[in-house]
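Input: a single structure, listed below in C-alpha cells.
Nothing in this text is a laboratory measurement; each read-out follows from the coordinates by a stated rule. Remember, it's a predicted structure, so these values are computed and weren't measured experimentally. Here the Cβ positions follow ideal geometry from the backbone for every residue, glycine too, while neighbour counts run over all protein chains shown.
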Amino acid sequence: MYETLMVILGISGVLNVILFFKIWGMTDNVDAIKTLLEDSRERKKNKTKTKFDVGDHVIAKSYNGVLEIIDIYDDGSYNCIDVKTNEIVGAYKENELTKKK
C-alpha cells in the first residue's frame, strides 16, 4: 500500500513540474500575442483614410460593369472583382472609380 502511494505521489510530482514549465513557456506566447495586437492597433491608427471601403460597389471608367472592391493595397489602389461573374478584374486607382448609386 505504501509503495503504491509513493508511486502515485512521484508521478503526480513529475506531472506538476511539467505543468509548471508548460505554463511558464506559455507566458512567452502571451507576450508575443500582446506585441502583435499593439502593432495592429498602431497600423490602424496610422492608416490613411480612403474614399472607398472593402465591399463597396463601384464603376470604373475603363470597364463596362459594376465592380466590388475586395482589397485595398498600401499604394492606395483598389483590387476589384466583377459583381456578376466574381472574376478578378484588376487594380484601379481612386480617380478611376466612382461609387455606384
Point to revise | GNM result for the chain, Cα springs below 10 Å: residue of Leu36, Leu67, Leu19 fluctuating most strongly | key: Leu19
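Using only Cα atoms, what is the ratio of the radius of gyration of region 1-47 to 2.2 N^0.38 Å?
Values: Rg = 20.6 Å, N = 47, 2.2 N^0.38 = 9.5 Å.
Relative to the 2.2 N^0.38 Å estimate, region 1-47 comes out at 2.17.
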Practice item. Would you mind computing, in nm to one decimal, how far apart the modelled labels at Tyr63 and Val14 are, each placed 7 Å from Cα along Cα→Cβ? Key: 6.3 nm
Revision key, fill the gap. The correct pair for the chain, radius of gyration to one decimal and Dmax as a whole number, both in Å and from Cα atoms, is 27.6, 87
Check your understanding: Using Cα atoms only, what is the angle between the long axis of helix 2-46 and the major principal axis of the chain, expressed in degrees (0 to 90) to the nearest 10?
Key -> 20 degrees
Check your understanding: Along the charge dipole of the chain, Cβ charges K/R +1 and D/E -1, which of Tyr78, Leu97, Leu15 sits furthest on the positive end?
Key -> Leu97
Revision key, fill the gap. Over the chain, the sum of -39500 (n - 2.57) across DSSP H runs of at least four, divided by residue number and rounded to 500 deg cm²/dmol, gives at 222 nm -16500 deg cm²/dmol
